[in-house]
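Structure first, commentary second.
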Amino acid sequence: MKEGLYRTLKRKIITLTLVMSLTPLLILGAVLYYQFESAGREMTREQIRYRAQAQAEAVDLFLKERTAILNAMADTHDFAQMIDEKNLARIFEVMNSRAGAFVDLGIIDSRGAHRAYIGPYDLRGRNYLDQSWFNEVMIKGHYKSDVYMGFRQQPHFIIAVRRHENQQAWILRATIDPNRFEEIVRSAQIGRTGDAYLVNREGFLQTRPRFEGDVLGQTAIDTRQFGGRVTVIELEDAAGTERFYAGSWLNDNKWLLIINQQPLELMSRLFALRQMEIFIITLGVLGIVATTIFTTRLTINRLRKSDREMIELNAQLVQSDKLAALGKMAAGVAHEINNPLAVILQKTGWMEDLLEEEGLKQSANIAEFRQSIAKIEQHVERARKVVHNMLGYARKMEPRLEDVDVNSTIDQTITILENHARINNIDIQVDLAETVPIIAGDQAQLQQVFLNLFTNAIDAIGSNGTIEVASWRSDDHIVVTIKDDGPGLSEDMMRKIFDPFFTTKDPGKGTGLGLWVSHNIIAKMGGGIHVKNNPDKGAVFTVEIPIVIPEKK
Ligand SMILES: Nc1ncnc2c1ncn2[C@@H]1O[C@H](COP(=O)(O)OP(=O)(O)OP(=O)(O)O)[C@@H](O)[C@H]1O
Ligand SMILES: [Mg+2]
(Lines give C-alpha, C1' and ligand atoms only; values in the text may rest on other atoms or scores of the structure.)
(Ligands and ions follow the chains in the order given, each with its own letter.)
Protein backbone atom coordinates (compact mmCIF):
# COMPACT_ATOMS: atom_id res chain seq x y z
CA MET A 1 0.00 0.00 0.00
CA LYS A 2 2.62 2.45 1.19
CA GLU A 3 5.14 0.93 -1.24
CA GLY A 4 2.79 1.86 -4.08
CA LEU A 5 2.86 5.48 -2.90
CA TYR A 6 6.64 5.53 -2.85
CA ARG A 7 6.72 4.04 -6.32
CA THR A 8 4.31 6.67 -7.68
CA LEU A 9 6.27 9.42 -5.96
CA LYS A 10 9.51 8.09 -7.34
CA ARG A 11 8.07 7.87 -10.83
CA LYS A 12 6.71 11.41 -10.61
CA ILE A 13 9.96 12.91 -9.34
CA ILE A 14 12.01 11.09 -11.94
CA THR A 15 9.67 12.01 -14.78
CA LEU A 16 9.44 15.64 -13.76
CA THR A 17 13.17 16.05 -13.24
CA LEU A 18 13.98 14.31 -16.48
CA VAL A 19 11.46 16.32 -18.46
CA MET A 20 12.61 19.59 -16.93
CA SER A 21 16.30 18.96 -17.43
CA LEU A 22 16.29 16.97 -20.66
CA THR A 23 13.89 19.15 -22.63
CA PRO A 24 16.15 22.22 -22.82
CA LEU A 25 19.15 20.03 -23.51
CA LEU A 26 17.42 18.16 -26.31
CA ILE A 27 15.99 21.35 -27.79
CA LEU A 28 19.43 22.90 -27.71
CA GLY A 29 20.84 19.75 -29.26
CA ALA A 30 18.26 19.72 -32.04
CA VAL A 31 18.73 23.42 -32.77
CA LEU A 32 22.49 23.01 -32.92
CA TYR A 33 22.11 19.90 -35.03
CA TYR A 34 20.08 21.68 -37.71
CA GLN A 35 22.01 24.88 -37.29
CA PHE A 36 25.20 23.03 -38.10
CA GLU A 37 23.67 21.82 -41.32
CA SER A 38 22.31 25.17 -42.48
CA ALA A 39 25.38 27.08 -41.29
CA GLY A 40 27.53 24.56 -43.10
CA ARG A 41 25.60 24.96 -46.34
CA GLU A 42 25.69 28.72 -46.04
CA MET A 43 29.42 28.65 -45.44
CA THR A 44 29.97 26.39 -48.42
CA ARG A 45 27.91 28.65 -50.65
CA GLU A 46 29.86 31.66 -49.52
CA GLN A 47 33.12 29.91 -49.95
CA ILE A 48 32.54 28.84 -53.53
CA ARG A 49 30.86 32.14 -54.36
CA TYR A 50 33.97 33.93 -53.22
CA ARG A 51 36.23 31.54 -55.06
CA ALA A 52 34.29 31.86 -58.28
CA GLN A 53 34.47 35.61 -58.10
CA ALA A 54 38.15 35.73 -57.24
CA GLN A 55 39.02 33.20 -59.89
CA ALA A 56 37.00 35.01 -62.56
CA GLU A 57 38.96 38.13 -61.72
CA ALA A 58 42.20 36.20 -62.00
CA VAL A 59 41.22 34.78 -65.40
CA ASP A 60 40.12 38.22 -66.54
CA LEU A 61 43.39 39.67 -65.45
CA PHE A 62 45.24 36.94 -67.33
CA LEU A 63 43.33 37.72 -70.51
CA LYS A 64 43.64 41.46 -70.04
CA GLU A 65 47.41 41.22 -69.65
CA ARG A 66 47.67 39.18 -72.84
CA THR A 67 45.44 41.56 -74.72
CA ALA A 68 47.35 44.55 -73.37
CA ILE A 69 50.69 43.22 -74.53
CA LEU A 70 49.21 42.35 -77.91
CA ASN A 71 47.94 45.92 -78.14
CA ALA A 72 51.29 47.32 -77.10
CA MET A 73 53.07 45.34 -79.80
CA ALA A 74 50.56 46.41 -82.43
CA ASP A 75 50.92 50.04 -81.34
CA THR A 76 54.69 50.08 -81.51
CA HIS A 77 55.22 48.30 -84.81
CA ASP A 78 53.91 48.93 -88.26
CA PHE A 79 52.69 46.43 -90.83
CA ALA A 80 55.98 46.34 -92.67
CA GLN A 81 57.89 45.51 -89.53
CA MET A 82 55.37 42.90 -88.58
CA ILE A 83 55.40 40.88 -91.73
CA ASP A 84 59.16 40.57 -91.50
CA GLU A 85 59.20 37.25 -89.69
CA LYS A 86 62.52 38.00 -88.04
CA ASN A 87 60.91 40.99 -86.38
CA LEU A 88 57.79 39.00 -85.63
CA ALA A 89 59.85 36.32 -83.96
CA ARG A 90 61.48 38.92 -81.74
CA ILE A 91 58.12 40.42 -80.89
CA PHE A 92 56.80 36.96 -80.09
CA GLU A 93 59.80 36.39 -77.85
CA VAL A 94 59.24 39.68 -76.03
CA MET A 95 55.57 38.89 -75.56
CA ASN A 96 56.30 35.49 -74.09
CA SER A 97 59.02 36.81 -71.84
CA ARG A 98 56.72 39.60 -70.55
CA ALA A 99 53.47 37.71 -70.25
CA GLY A 100 53.93 34.14 -71.46
CA ALA A 101 51.35 31.62 -72.51
CA PHE A 102 51.38 32.62 -76.20
CA VAL A 103 51.58 29.65 -78.53
CA ASP A 104 51.90 31.52 -81.77
CA LEU A 105 51.60 34.93 -83.37
CA GLY A 106 50.44 35.90 -86.82
CA ILE A 107 49.77 38.88 -89.05
CA ILE A 108 46.71 38.89 -91.29
CA ASP A 109 46.13 41.53 -93.93
CA SER A 110 42.81 43.16 -94.81
CA ARG A 111 42.01 40.48 -97.34
CA GLY A 112 42.26 37.77 -94.75
CA ALA A 113 45.57 36.37 -95.83
CA HIS A 114 47.98 35.15 -93.20
CA ARG A 115 51.04 37.17 -94.08
CA ALA A 116 53.49 36.19 -91.44
CA TYR A 117 53.43 33.54 -88.72
CA ILE A 118 55.58 32.45 -85.78
CA GLY A 119 54.57 29.23 -84.08
CA PRO A 120 54.49 25.48 -84.23
CA TYR A 121 51.87 25.16 -86.99
CA ASP A 122 52.41 26.14 -90.50
CA LEU A 123 49.54 28.53 -90.98
CA ARG A 124 51.26 30.83 -93.41
CA GLY A 125 49.17 31.59 -96.48
CA ARG A 126 45.89 30.55 -94.87
CA ASN A 127 42.98 32.80 -95.63
CA TYR A 128 40.51 33.85 -92.98
CA LEU A 129 38.29 36.06 -95.08
CA ASP A 130 35.22 33.90 -94.75
CA GLN A 131 35.62 33.24 -91.01
CA SER A 132 33.24 35.06 -88.74
CA TRP A 133 35.92 36.11 -86.28
CA PHE A 134 37.78 37.90 -89.04
CA ASN A 135 34.77 40.05 -89.76
CA GLU A 136 34.22 40.75 -86.12
CA VAL A 137 37.75 41.90 -85.46
CA MET A 138 37.67 44.02 -88.59
CA ILE A 139 34.54 45.75 -87.32
CA LYS A 140 35.17 45.92 -83.54
CA GLY A 141 38.95 46.31 -83.57
CA HIS A 142 39.58 43.58 -81.00
CA TYR A 143 38.50 40.03 -80.54
CA LYS A 144 38.70 37.04 -78.25
CA SER A 145 37.50 33.79 -79.74
CA ASP A 146 35.70 30.91 -78.14
CA VAL A 147 37.72 27.75 -78.07
CA TYR A 148 37.65 26.07 -81.48
CA MET A 149 39.53 23.47 -83.48
CA GLY A 150 40.52 25.60 -86.43
CA PHE A 151 42.99 24.58 -89.15
CA ARG A 152 45.28 22.95 -86.61
CA GLN A 153 42.62 20.57 -85.34
CA GLN A 154 43.52 21.34 -81.72
CA PRO A 155 41.23 23.09 -79.26
CA HIS A 156 42.54 26.58 -78.73
CA PHE A 157 41.45 30.17 -78.67
CA ILE A 158 42.85 33.33 -79.99
CA ILE A 159 42.98 37.00 -79.21
CA ALA A 160 43.33 39.49 -81.98
CA VAL A 161 43.61 43.27 -82.46
CA ARG A 162 43.23 45.35 -85.61
CA ARG A 163 45.28 48.39 -86.72
CA HIS A 164 44.85 50.84 -89.59
CA GLU A 165 47.73 51.94 -91.63
CA ASN A 166 47.37 54.00 -94.84
CA GLN A 167 43.69 53.07 -95.15
CA GLN A 168 44.71 49.47 -94.89
CA ALA A 169 43.80 47.31 -91.92
CA TRP A 170 45.89 44.53 -90.54
CA ILE A 171 45.37 42.15 -87.68
CA LEU A 172 47.75 40.89 -85.04
CA ARG A 173 46.55 37.56 -83.77
CA ALA A 174 47.90 35.31 -81.03
CA THR A 175 46.94 31.90 -79.75
CA ILE A 176 46.82 31.36 -76.02
CA ASP A 177 48.32 28.16 -74.65
CA PRO A 178 45.24 26.14 -73.74
CA ASN A 179 47.15 24.16 -71.11
CA ARG A 180 48.40 27.24 -69.29
CA PHE A 181 44.96 28.73 -69.43
CA GLU A 182 43.38 25.58 -68.14
CA GLU A 183 45.88 25.48 -65.30
CA ILE A 184 44.86 28.94 -64.21
CA VAL A 185 41.18 28.10 -64.31
CA ARG A 186 41.71 24.79 -62.57
CA SER A 187 43.62 26.34 -59.70
CA ALA A 188 40.24 27.27 -58.28
CA GLN A 189 39.18 23.69 -57.73
CA ILE A 190 39.09 22.56 -54.10
CA GLY A 191 39.37 19.22 -52.37
CA ARG A 192 38.40 15.83 -53.75
CA THR A 193 35.13 16.87 -55.30
CA GLY A 194 35.78 20.42 -56.43
CA ASP A 195 35.92 21.37 -60.10
CA ALA A 196 36.51 24.60 -61.99
CA TYR A 197 36.04 25.24 -65.72
CA LEU A 198 34.79 27.73 -68.24
CA VAL A 199 31.76 27.43 -70.52
CA ASN A 200 30.47 29.79 -73.16
CA ARG A 201 26.94 31.14 -73.32
CA GLU A 202 25.72 28.03 -75.13
CA GLY A 203 27.12 25.79 -72.42
CA PHE A 204 30.08 24.45 -74.43
CA LEU A 205 33.17 23.73 -72.38
CA GLN A 206 36.06 26.12 -72.92
CA THR A 207 38.47 24.35 -70.63
CA ARG A 208 38.66 20.71 -69.66
CA PRO A 209 36.72 19.97 -66.52
CA ARG A 210 38.13 17.64 -63.92
CA PHE A 211 35.44 15.01 -63.99
CA GLU A 212 33.12 14.91 -66.95
CA GLY A 213 33.34 16.06 -70.52
CA ASP A 214 36.10 17.52 -72.59
CA VAL A 215 36.85 20.82 -74.21
CA LEU A 216 34.12 21.86 -76.64
CA GLY A 217 31.78 19.28 -75.17
CA GLN A 218 28.27 20.38 -74.30
CA THR A 219 27.44 20.60 -70.61
CA ALA A 220 24.03 20.21 -69.10
CA ILE A 221 24.40 23.61 -67.58
CA ASP A 222 21.91 26.20 -68.60
CA THR A 223 23.99 29.35 -68.46
CA ARG A 224 20.86 31.49 -68.28
CA GLN A 225 20.51 30.40 -64.67
CA PHE A 226 23.58 32.43 -63.86
CA GLY A 227 22.76 36.07 -63.81
CA GLY A 228 24.52 39.02 -62.27
CA ARG A 229 28.11 38.75 -61.27
CA VAL A 230 28.23 35.53 -59.22
CA THR A 231 25.36 33.10 -58.78
CA VAL A 232 25.30 29.96 -56.66
CA ILE A 233 22.82 27.25 -57.51
CA GLU A 234 22.31 23.74 -56.19
CA LEU A 235 22.09 20.91 -58.70
CA GLU A 236 22.47 17.19 -58.81
CA ASP A 237 25.41 15.98 -60.85
CA ALA A 238 25.31 13.01 -63.22
CA ALA A 239 25.85 10.60 -60.32
CA GLY A 240 22.89 12.10 -58.46
CA THR A 241 25.04 13.74 -55.81
CA GLU A 242 24.17 17.21 -54.68
CA ARG A 243 26.57 19.87 -55.87
CA PHE A 244 26.80 23.60 -55.45
CA TYR A 245 27.59 25.48 -58.65
CA ALA A 246 28.95 28.99 -58.47
CA GLY A 247 29.07 30.78 -61.78
CA SER A 248 30.83 34.05 -62.38
CA TRP A 249 30.76 35.76 -65.81
CA LEU A 250 34.04 37.07 -67.10
CA ASN A 251 34.30 40.70 -68.06
CA ASP A 252 33.38 40.19 -71.71
CA ASN A 253 30.23 38.33 -70.58
CA LYS A 254 31.00 35.54 -73.04
CA TRP A 255 32.53 33.02 -70.73
CA LEU A 256 31.21 31.75 -67.48
CA LEU A 257 33.60 30.45 -64.88
CA ILE A 258 32.00 27.61 -63.01
CA ILE A 259 33.19 26.25 -59.72
CA ASN A 260 31.35 23.31 -58.36
CA GLN A 261 31.68 21.32 -55.22
CA GLN A 262 29.89 18.69 -53.19
CA PRO A 263 28.81 20.62 -50.10
CA LEU A 264 29.23 17.47 -48.02
CA GLU A 265 32.96 17.56 -48.51
CA LEU A 266 33.45 21.09 -47.29
CA MET A 267 31.09 20.40 -44.43
CA SER A 268 32.90 17.29 -43.28
CA ARG A 269 34.60 19.12 -40.43
CA LEU A 270 31.26 20.52 -39.38
CA PHE A 271 29.85 17.02 -39.51
CA ALA A 272 32.65 15.86 -37.24
CA LEU A 273 31.71 18.68 -34.90
CA ARG A 274 28.10 17.63 -35.12
CA GLN A 275 29.09 14.07 -34.33
CA MET A 276 30.90 15.42 -31.30
CA GLU A 277 27.83 17.42 -30.34
CA ILE A 278 25.65 14.32 -30.50
CA PHE A 279 28.18 12.45 -28.44
CA ILE A 280 28.37 15.15 -25.77
CA ILE A 281 24.60 15.49 -25.62
CA THR A 282 24.16 11.73 -25.36
CA LEU A 283 26.68 11.69 -22.56
CA GLY A 284 24.83 14.55 -20.88
CA VAL A 285 21.50 12.77 -21.21
CA LEU A 286 22.91 9.57 -19.76
CA GLY A 287 24.51 11.53 -16.93
CA ILE A 288 21.28 13.32 -16.12
CA VAL A 289 19.23 10.13 -16.24
CA ALA A 290 21.66 8.26 -14.04
CA THR A 291 21.97 11.08 -11.51
CA THR A 292 18.22 11.62 -11.42
CA ILE A 293 17.48 7.96 -10.82
CA PHE A 294 20.24 7.70 -8.26
CA THR A 295 19.30 10.79 -6.25
CA THR A 296 15.59 10.00 -6.42
CA ARG A 297 16.25 6.51 -5.15
CA LEU A 298 18.34 7.94 -2.37
CA THR A 299 15.67 10.48 -1.45
CA ILE A 300 12.86 7.95 -1.52
CA ASN A 301 14.87 5.53 0.59
CA ARG A 302 15.56 8.26 3.14
CA LEU A 303 11.89 9.14 3.15
CA ARG A 304 10.94 5.52 3.57
CA LYS A 305 13.35 5.18 6.48
CA SER A 306 12.19 8.31 8.26
CA ASP A 307 8.56 7.30 7.71
CA ARG A 308 9.30 3.94 9.25
CA GLU A 309 11.02 5.58 12.20
CA MET A 310 8.07 7.88 12.67
CA ILE A 311 5.65 4.99 12.64
CA GLU A 312 7.77 3.18 15.22
CA LEU A 313 7.95 6.28 17.36
CA ASN A 314 4.21 6.71 17.12
CA ALA A 315 3.68 3.10 18.11
CA GLN A 316 5.94 3.63 21.11
CA LEU A 317 4.05 6.74 22.10
CA VAL A 318 0.73 4.95 21.81
CA GLN A 319 2.16 2.08 23.82
CA SER A 320 3.39 4.26 26.67
CA ASP A 321 0.13 6.23 26.70
CA LYS A 322 -1.75 2.99 26.90
CA LEU A 323 0.48 1.74 29.69
CA ALA A 324 0.07 4.95 31.68
CA ALA A 325 -3.72 4.86 31.38
CA LEU A 326 -3.81 1.18 32.27
CA GLY A 327 -1.57 1.93 35.23
CA LYS A 328 -3.95 4.50 36.66
CA MET A 329 -6.94 2.23 36.20
CA ALA A 330 -5.17 -0.79 37.63
CA ALA A 331 -4.10 1.15 40.69
CA GLY A 332 -7.70 2.22 41.26
CA VAL A 333 -9.00 -1.31 40.82
CA ALA A 334 -6.30 -2.72 43.07
CA HIS A 335 -7.18 -0.33 45.81
CA GLU A 336 -10.85 -1.25 45.60
CA ILE A 337 -10.07 -4.97 45.71
CA ASN A 338 -7.59 -4.74 48.59
CA ASN A 339 -10.23 -4.04 51.24
CA PRO A 340 -12.62 -6.91 50.31
CA LEU A 341 -9.58 -9.21 50.21
CA ALA A 342 -8.62 -8.18 53.75
CA VAL A 343 -12.16 -8.89 54.91
CA ILE A 344 -12.22 -12.31 53.18
CA LEU A 345 -8.90 -13.26 54.72
CA GLN A 346 -10.05 -12.14 58.16
CA LYS A 347 -13.27 -14.15 57.81
CA THR A 348 -11.49 -17.31 56.64
CA GLY A 349 -9.17 -17.04 59.69
CA TRP A 350 -12.29 -16.78 61.81
CA MET A 351 -13.79 -19.82 60.08
CA GLU A 352 -10.59 -21.77 60.69
CA ASP A 353 -10.82 -20.99 64.36
CA LEU A 354 -14.45 -22.12 64.36
CA LEU A 355 -13.55 -25.47 62.86
CA GLU A 356 -11.46 -26.20 65.91
CA GLU A 357 -14.59 -26.16 68.07
CA GLU A 358 -15.69 -29.59 69.37
CA GLY A 359 -19.04 -29.75 67.71
CA LEU A 360 -17.73 -29.01 64.29
CA LYS A 361 -14.73 -31.27 64.69
CA GLN A 362 -17.21 -34.18 64.77
CA SER A 363 -18.60 -33.28 61.42
CA ALA A 364 -18.15 -35.84 58.70
CA ASN A 365 -17.09 -33.11 56.24
CA ILE A 366 -14.47 -31.50 58.46
CA ALA A 367 -11.61 -32.46 56.12
CA GLU A 368 -13.35 -30.96 53.12
CA PHE A 369 -14.08 -27.71 55.06
CA ARG A 370 -10.44 -27.41 55.98
CA GLN A 371 -9.37 -28.02 52.39
CA SER A 372 -11.78 -25.41 51.06
CA ILE A 373 -10.63 -22.82 53.54
CA ALA A 374 -7.02 -23.50 52.64
CA LYS A 375 -7.91 -23.08 48.91
CA ILE A 376 -9.67 -19.79 49.67
CA GLU A 377 -6.65 -18.56 51.59
CA GLN A 378 -4.31 -19.63 48.82
CA HIS A 379 -6.28 -17.80 46.17
CA VAL A 380 -6.79 -14.72 48.27
CA GLU A 381 -3.06 -14.74 48.84
CA ARG A 382 -2.51 -14.82 45.11
CA ALA A 383 -4.97 -12.00 44.59
CA ARG A 384 -3.20 -10.02 47.29
CA LYS A 385 0.11 -10.55 45.55
CA VAL A 386 -1.29 -9.12 42.34
CA VAL A 387 -2.81 -6.21 44.18
CA HIS A 388 0.38 -5.74 46.13
CA ASN A 389 2.39 -5.51 42.94
CA MET A 390 -0.02 -3.05 41.42
CA LEU A 391 -0.29 -0.94 44.51
CA GLY A 392 3.42 -1.18 45.07
CA TYR A 393 3.87 0.51 41.77
CA ALA A 394 1.05 2.97 42.31
CA ARG A 395 2.19 3.97 45.73
CA LYS A 396 5.72 4.46 44.56
CA MET A 397 4.69 6.77 41.76
CA GLU A 398 6.84 9.43 43.40
CA PRO A 399 10.14 7.66 44.01
CA ARG A 400 12.48 8.57 46.81
CA LEU A 401 15.71 10.17 45.76
CA GLU A 402 18.91 8.70 47.17
CA ASP A 403 22.41 8.02 45.93
CA VAL A 404 22.28 4.93 43.75
CA ASP A 405 25.19 2.94 42.44
CA VAL A 406 23.76 0.99 39.50
CA ASN A 407 26.61 -1.54 39.48
CA SER A 408 26.26 -2.46 43.14
CA THR A 409 22.46 -2.63 42.75
CA ILE A 410 23.04 -5.25 40.03
CA ASP A 411 25.52 -7.10 42.29
CA GLN A 412 23.04 -7.16 45.18
CA THR A 413 20.30 -8.50 42.90
CA ILE A 414 22.60 -11.26 41.68
CA THR A 415 23.42 -12.21 45.28
CA ILE A 416 19.72 -12.68 45.98
CA LEU A 417 19.25 -14.91 42.94
CA GLU A 418 22.56 -16.76 42.92
CA ASN A 419 21.31 -19.78 44.73
CA HIS A 420 18.21 -20.10 42.64
CA ALA A 421 20.31 -19.87 39.49
CA ARG A 422 22.88 -22.40 40.67
CA ILE A 423 20.20 -24.96 41.47
CA ASN A 424 18.97 -24.68 37.88
CA ASN A 425 22.54 -24.85 36.59
CA ILE A 426 22.39 -21.34 35.16
CA ASP A 427 25.64 -19.44 34.95
CA ILE A 428 25.50 -15.66 35.49
CA GLN A 429 28.37 -13.88 33.74
CA VAL A 430 29.00 -10.34 34.86
CA ASP A 431 30.77 -7.67 32.81
CA LEU A 432 30.13 -4.36 34.51
CA ALA A 433 31.73 -1.00 33.76
CA GLU A 434 34.58 -0.31 36.13
CA THR A 435 32.91 2.79 37.44
CA VAL A 436 29.59 4.34 36.72
CA PRO A 437 28.46 7.68 38.08
CA ILE A 438 26.39 7.64 41.25
CA ILE A 439 22.95 8.79 40.30
CA ALA A 440 19.98 10.15 42.17
CA GLY A 441 17.15 7.56 42.22
CA ASP A 442 15.23 4.98 44.20
CA GLN A 443 17.44 1.97 44.78
CA ALA A 444 14.63 -0.35 45.89
CA GLN A 445 12.70 0.33 42.70
CA LEU A 446 15.76 -0.16 40.53
CA GLN A 447 16.46 -3.44 42.30
CA GLN A 448 12.89 -4.51 41.63
CA VAL A 449 13.52 -3.90 37.92
CA PHE A 450 16.68 -5.99 37.85
CA LEU A 451 15.06 -8.70 39.94
CA ASN A 452 12.20 -8.92 37.43
CA LEU A 453 14.57 -9.11 34.48
CA PHE A 454 16.80 -11.76 36.08
CA THR A 455 13.82 -13.82 37.24
CA ASN A 456 12.31 -13.68 33.77
CA ALA A 457 15.62 -14.77 32.23
CA ILE A 458 15.97 -17.68 34.65
CA ASP A 459 12.34 -18.68 34.01
CA ALA A 460 12.87 -18.47 30.26
CA ILE A 461 15.98 -20.64 30.34
CA GLY A 462 14.48 -23.15 32.78
CA SER A 463 17.71 -24.98 33.42
CA ASN A 464 21.21 -25.21 31.94
CA GLY A 465 22.07 -21.89 30.43
CA THR A 466 23.87 -18.61 30.74
CA ILE A 467 22.80 -15.12 31.61
CA GLU A 468 25.16 -12.31 30.69
CA VAL A 469 24.82 -8.95 32.34
CA ALA A 470 26.80 -5.92 31.28
CA SER A 471 26.82 -2.23 32.06
CA TRP A 472 28.51 0.79 30.51
CA ARG A 473 28.18 4.47 30.20
CA SER A 474 26.96 5.99 26.98
CA ASP A 475 26.84 9.80 26.95
CA ASP A 476 24.31 10.79 29.58
CA HIS A 477 22.96 7.29 30.19
CA ILE A 478 23.97 4.18 32.02
CA VAL A 479 23.10 1.20 29.86
CA VAL A 480 22.51 -2.25 31.35
CA THR A 481 21.90 -5.32 29.22
CA ILE A 482 20.64 -8.67 30.48
CA LYS A 483 21.03 -11.38 27.93
CA ASP A 484 19.83 -14.97 28.17
CA ASP A 485 20.07 -18.01 25.94
CA GLY A 486 16.48 -19.04 26.43
CA PRO A 487 13.87 -19.44 23.68
CA GLY A 488 13.60 -15.72 22.89
CA LEU A 489 10.37 -13.96 21.94
CA SER A 490 7.93 -14.14 19.06
CA GLU A 491 6.90 -10.98 17.18
CA ASP A 492 3.54 -11.10 18.86
CA MET A 493 5.06 -11.41 22.33
CA MET A 494 7.38 -8.48 21.63
CA ARG A 495 4.36 -6.26 21.14
CA LYS A 496 2.55 -7.34 24.27
CA ILE A 497 5.38 -8.02 26.66
CA PHE A 498 5.11 -4.75 28.59
CA ASP A 499 1.33 -4.93 28.87
CA PRO A 500 0.00 -5.58 32.37
CA PHE A 501 -1.14 -9.17 32.99
CA PHE A 502 0.57 -10.46 29.88
CA THR A 503 2.14 -13.74 30.89
CA THR A 504 2.88 -17.10 29.36
CA LYS A 505 3.47 -18.69 32.70
CA ASP A 506 1.07 -21.17 34.29
CA PRO A 507 -1.78 -19.64 36.27
CA GLY A 508 -0.53 -18.95 39.75
CA LYS A 509 3.08 -18.81 38.64
CA GLY A 510 3.27 -15.38 37.02
CA THR A 511 1.13 -12.30 37.30
CA GLY A 512 2.30 -10.72 34.05
CA LEU A 513 3.00 -7.52 35.96
CA GLY A 514 6.79 -7.79 36.30
CA LEU A 515 7.77 -6.09 33.03
CA TRP A 516 4.89 -3.68 33.20
CA VAL A 517 6.00 -2.44 36.61
CA SER A 518 9.65 -2.40 35.54
CA HIS A 519 8.81 -0.43 32.47
CA ASN A 520 6.89 2.13 34.52
CA ILE A 521 9.68 2.49 37.05
CA ILE A 522 12.31 3.13 34.41
CA ALA A 523 9.98 5.42 32.44
CA LYS A 524 9.46 7.48 35.62
CA MET A 525 13.22 7.83 35.88
CA GLY A 526 13.24 9.20 32.35
CA GLY A 527 14.79 6.12 30.78
CA GLY A 528 13.58 3.14 28.81
CA ILE A 529 13.55 -0.65 28.55
CA HIS A 530 13.79 -2.38 25.19
CA VAL A 531 13.81 -5.97 24.16
CA LYS A 532 15.36 -7.69 21.19
CA ASN A 533 16.10 -11.22 20.23
CA ASN A 534 19.73 -12.30 20.17
CA PRO A 535 20.92 -13.12 16.70
CA ASP A 536 21.83 -16.62 17.86
CA LYS A 537 19.54 -17.51 20.73
CA GLY A 538 17.48 -15.98 23.53
CA ALA A 539 16.44 -12.45 24.39
CA VAL A 540 18.30 -9.37 25.47
CA PHE A 541 16.76 -6.64 27.58
CA THR A 542 18.38 -3.23 27.49
CA VAL A 543 17.77 -0.75 30.28
CA GLU A 544 18.78 2.86 29.77
CA ILE A 545 18.97 4.90 32.92
CA PRO A 546 19.56 8.63 32.59
CA ILE A 547 22.41 9.95 34.67
CA VAL A 548 20.93 12.34 37.21
CA ILE A 549 23.68 13.67 39.45
CA PRO A 550 22.56 13.80 43.12
CA GLU A 551 22.37 17.26 44.69
CA LYS A 552 25.11 18.03 47.22
CA LYS A 553 23.78 17.78 50.75
N1 LIG B 1 13.90 -13.25 29.05
C2 LIG B 1 12.75 -13.67 28.56
N3 LIG B 1 12.73 -14.65 27.62
C4 LIG B 1 11.55 -15.07 27.08
N5 LIG B 1 10.36 -14.61 27.44
C6 LIG B 1 10.30 -13.66 28.41
C7 LIG B 1 11.50 -13.12 28.98
N8 LIG B 1 11.13 -12.19 29.88
C9 LIG B 1 9.78 -12.13 29.86
N10 LIG B 1 9.29 -13.02 28.99
C11 LIG B 1 7.87 -13.25 28.65
O12 LIG B 1 7.15 -12.10 29.07
C13 LIG B 1 6.09 -12.43 29.86
C14 LIG B 1 5.77 -11.31 30.81
O15 LIG B 1 6.80 -11.15 31.74
P16 LIG B 1 6.50 -10.44 33.10
O17 LIG B 1 7.76 -10.33 33.84
O18 LIG B 1 5.81 -9.15 32.77
O19 LIG B 1 5.49 -11.39 33.73
P20 LIG B 1 5.74 -12.83 34.30
O21 LIG B 1 7.19 -13.04 34.45
O22 LIG B 1 5.03 -13.74 33.42
O23 LIG B 1 5.05 -12.70 35.69
P24 LIG B 1 5.73 -12.15 37.06
O25 LIG B 1 6.79 -11.23 36.61
O26 LIG B 1 4.63 -11.51 37.77
O27 LIG B 1 6.26 -13.34 37.67
C28 LIG B 1 6.54 -13.70 30.48
O29 LIG B 1 5.43 -14.51 30.92
C30 LIG B 1 7.32 -14.37 29.41
O31 LIG B 1 6.46 -15.07 28.55
MG1 LIG C 1 8.43 -11.61 35.46
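Data table
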{"read-out": "Failed item, numbered, when L489 is tested on (1) within 48 Å of the chain's Cα centre (by Cα); (2) at negative phi; (3) more than 16 Å from ligand 2 (Cβ to nearest atom)", "value": "(3)"}
{"read-out": "Residue among R173, R229, R192 that is under 23 Å from V147 (Cα atoms), assigned by TED's automatic domain parsing to the domain that holds D75, surrounded by fewer than 21 Cβ atoms within 10 Å (Cβ to Cβ) and charged (D, E, K, R)", "value": "R229"}
{"read-out": "Qualifying positions in the range 425-463 - surrounded by 15 or more Cβ atoms within 10 Å (Cβ to Cβ), among the small types (G, A, S) and out of contact with any strand residue (DSSP E or B) (no Cβ under 8 Å at 6 or more places or on another chain)", "value": "A444"}
{"read-out": "Which numbered condition D499 misses (of (1) more than 14 Å from ligand 2 (Cβ to nearest atom); (2) in a loop (DSSP other than H, G, I, E, B); (3) over 22 Å from N424 (Cβ atoms))", "value": "(1)"}
{"read-out": "Residue identified as on the phi < 0 side of the Ramachandran plot, of a type in the set (F, W, Y) and not in a strand (DSSP E or B) among F181, F157", "value": "F181"}
{"read-out": "Residue check, L432 of a type in the set (A, V, I, L, M, F, W, C), in contact with a helix residue (DSSP H, G or I) (Cβ under 7 Å, 6 or more places away or on another chain) and within 17 Å of S518 (Cβ to Cβ)", "value": "no"}
{"read-out": "Yes/no for A457 being in contact (Cβ under 8 Å) with a residue 24 or more places away in the chain, assigned by TED's automatic domain parsing to the domain that holds Q429, within 8 Å of ligand 1 (Cβ to nearest atom) and of a type outside the set (S, T, Y)", "value": "yes"}
{"read-out": "Residues of the range 533-543 that turn out to be under 47 Å from the mean Cα position of the chain (by Cα) and more than 11 Å from ligand 1 (Cβ to nearest atom), as a count", "value": "3"}
{"read-out": "Cross-chain or 6+ apart pairs with Cβ under 9 Å, the range 493-512 first and under 20 Å from G538 (Cα atoms), then within 13 Å of ligand 2 (Cβ to nearest atom) and among the charged types (D, E, K, R)", "value": "T503/K509; K505/D459; G510/D459; G512/D499; G512/K505"}
{"read-out": "Exclusive hit being more than 21 Å from A334 (Cα to Cα) and either more than 9 Å from ligand 1 (Cβ to nearest atom) or acidic (D, E) (or both), set D506, D499", "value": "D506"}
{"read-out": "Criterion (polar (S, T, N, Q), surrounded by fewer than 18 Cβ atoms within 10 Å (Cβ to Cβ) and closer than 25 Å to N253 by Cβ) met by exactly one of Q81, Q131, Q47", "value": "Q131"}
{"read-out": "Index of the failed condition, R115 passing every other in (1) surrounded by fewer than 19 Cβ atoms within 10 Å (Cβ to Cβ); (2) touching a Ser or Thr at 6+ places or on another chain (Cβ under 9 Å)", "value": "(2)"}
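The values are calculated or read from the model by the stated rules, or taken from the named source; none is laboratory data. All of these numbers come straight from a predicted model, not from anything done at the bench. Here the Cβ is made from the backbone with ideal geometry for all residues, glycine too, and neighbour counts use every protein chain on show.
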